[in-house]
Amino acid sequence: MDRTLDDKTREAVALKKFSLIGPVLNGLVKNQNEYFRKLSNKVIQMPYYGPKQYSFKTFKGWVYDYRRGGIDALKPGYRKDRGSSRKVSGALSSVICKKIKENERMPLKLIYEKMVEDDEINPEKVSLSTFYRHVSELQKNMPSGSGQNDKEPERILRYSFEKINACWQIDIMYGPYIHYGKSKRQTYLVGIIDDASRLIVHSAFYHNQKYESLRHCLKEAVSRRGIPGIVYTDNGKIFRSQQFEYLCAEIGSSLIHSQPMVPRGRGKIERYFRTVRTRFLSRINSIKLKHVDELNEKYFYWLEHDYQNKKHSSLGISPLDFFLKQADDIRLPSNPQWLEEAFLIRKKRTVNHDATIQIENILYETQPHLKGMRVEIRYEPEWLLGSDKPVLIYVDGKKAGDARRVDFISNVYVKRSKSIKKRVDASEGEADCNDEELSKEEYTQSISFTSMMEGSEK
């Protein structure tokens, strides 16, 4: 199996496929067939492959693949033409550029076919997808048309989704400082609001604005209020991380980012943050707080007893009452185990020759058949804090084993193989230090331990 497509590229392609079929999977499209027919008429910019058109059946196949195997099932297979060049030469690039300028109104596919017919392109060396990808790179450097600024100004209209959990808006706000003796720490409020009901599906203060805080907040929201169709965020780095994109795809939510420098699309969550500042933070004295848990305790009480149950001016009823009226439409997680696995931290590792991997400076040992393989580890951060719970090992989206923290003390008493014993016995003479089955450290430890035991017997 060829590995020309690296893991990052395959994951990017899978995420792009999900972004196209996501509206169907989460129920935002009323007519699936009509939606896919419209998509089949569009040229789609696919990572690695460039501009491509896909058939109606292809989109339906992606839906089937996702429902069968999740986001991992959307990853493309590996290339079978390893070693062959897919790069367009400089001379051919100039010819392509000239042809496009001469035939501005001609579809790219027809230009390609004509160049193949005229023996200007060898289809065995330059495929249609390679041609599309190269043209896309050329167009990035081409000057844009003069008529782009002649468009009418965009009308700014307020909008609201009709159904609960159709769209959740997520954002992060700077919170107050919490004093620890003579020092103080910044807090950050992660807020998730349901667009239709204005209900805060979950929100909490954290000591950082890293992915772990966002992951925890979203997990709590999904476990309590169901699965959203759309997750709507700004263009912050934390929201564009592949970890977060993959998480949203795993639970079946379409991740959409607002237009850069245009905050009005996130108006509801921004308005809620304003309410937090005026009606909550203005009433507390953060100086007296000793821990972020104390801040959250006060915040949760205010949230449940004030905001959630207070009549909203745009709704006529409270956010909680609006949400509960449509409670029968909530799409809940299939089971607790699925929820736990979907929100696990994911990291790539290469298993060492001794079947060990390192996670956060902690050594774990796994099954011998995974030696040398590139794997994905999945875990909860608390599993690394002195817990005996193993981290999970996945290969190409399928569970392939687990890894447990190395117990150095217990490993002393593990029976060594015959090859090890022979080399220990040979320590009095000439030791075989070139045998790859035993590392230098293992060899030294084996000799030391044997000598110690023999000394005790005497």
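Shown is the FRET efficiency for Ile317 and Glu113, computed with R0 = 60 Å from the Cβ-Cβ distance and rounded to the nearest 0.05: 0.50.
Taking amide hydrogens as placed 1.01 Å from N in the peptide plane, the amide H of Asp402 sits under 5 Å from those of Gln367, Ile393, each at least 5 positions away in sequence or on another chain. The slack between Thr9 and Val406, meaning 0.36 nm per residue of separation minus the straight C-alpha distance, is 139.6 nm.
First check a/c for segment 7-74, with a ≥ b ≥ c the square roots of the eigenvalues of its C-alpha gyration tensor; if it is under 1.5, answer rounded, and if not, answer prolate when a/b is larger than b/c or oblate otherwise. Judged from the Cα gyration tensor, segment 7-74 comes out oblate (a/c at least 1.5, b/c at or above a/b). Pairs with C-alpha atoms separated by more than 31 Å, drawn from the list Lys57/Lys398; Lys30/Lys210; Lys182/Lys311; Lys17/Lys268; Lys210/Lys398; Lys8/Lys163, are Lys30/Lys210; Lys182/Lys311; Lys8/Lys163. As a calculated quantity, the FRET efficiency between Tyr174 and Glu104 at R0 = 51 Å, using C-beta atoms, amounts to about 0.55.
Near the amide H of Ile317, within less than 5 Å, lie the amide hydrogens of His312, all on another chain or at least 5 residues away, with H placed in the peptide plane.
Sequentially through segment 167-184, phi angles give Karplus couplings (6.51, -1.76, 1.60; θ = phi - 60°) of 8, 10, 9, 10, 7, 10, 10, 5, x, x, 7, 10, 8, 10, x, 8, 9, 9 Hz, Gly and Pro residues having no value and appearing as x. Once you sort the root eigenvalues of the Cα gyration tensor of segment 344-406 as a ≥ b ≥ c, which label holds: rounded (a/c under 1.5), prolate (a/b larger than b/c) or oblate (the other case)? Oblate shape, in that a/c is at least 1.5 and b/c is the bigger or equal ratio. Across segment 123-128, rounded Karplus estimates of 3J(HN,Hα) from the backbone phi angles (6.51 cos²θ - 1.76 cosθ + 1.60, θ = phi - 60°) give x, 6, 9, 10, 6, 4 Hz, Gly and Pro being marked x.
Placing a label point 7 Å from the Cα of Arg271 along the Cα-to-Cβ line, the residues of segment 200-236 whose backbone N sits under 15 Å from it are 200. Proximity of backbone amide H atoms, modeled 1.01 Å from N, is registered between Leu199 and Asp194 at under 5 Å, excluding neighbours fewer than 5 places apart on the same chain.
With 0.36 nm allotted per residue and the present C-alpha distance subtracted, the Leu332-Lys310 stretch has 5.3 nm of extension available. Taking packing as the residue-averaged number of other Cβ atoms within 10 angstrom, the listed peptides 358-370, 201-213 run from highest to lowest as 201-213, 358-370. Neighbours of Lys219, meaning other residues whose beta-carbon lies under 12 angstrom from its beta-carbon, give a summed charge of -3 when Lys and Arg score +1 and Asp and Glu score -1.
Here the label points at Ser127 and Tyr64, each 7 Å from Cα along the C-beta direction, are separated by 2.1 nm in the simple model. Under the rule a/c < 1.5 gives rounded, and otherwise a/b versus b/c splits prolate from oblate, where does segment 201-250 land using the Cα gyration tensor? Oblate shape, in that a/c is at least 1.5 and b/c is the bigger or equal ratio. Projecting label points 7 angstrom from Cα along Cα→Cβ for His291 and Thr350 puts them 4.3 nm apart.
Since every read-out is calculated from the coordinates, none of them should be taken as a lab result. Fair warning: this is a prediction, and the values are worked out from it, not measured in the lab. Positions of Cβ are backbone-derived with ideal geometry, glycine not excepted, and every protein chain shown enters the neighbour counts.
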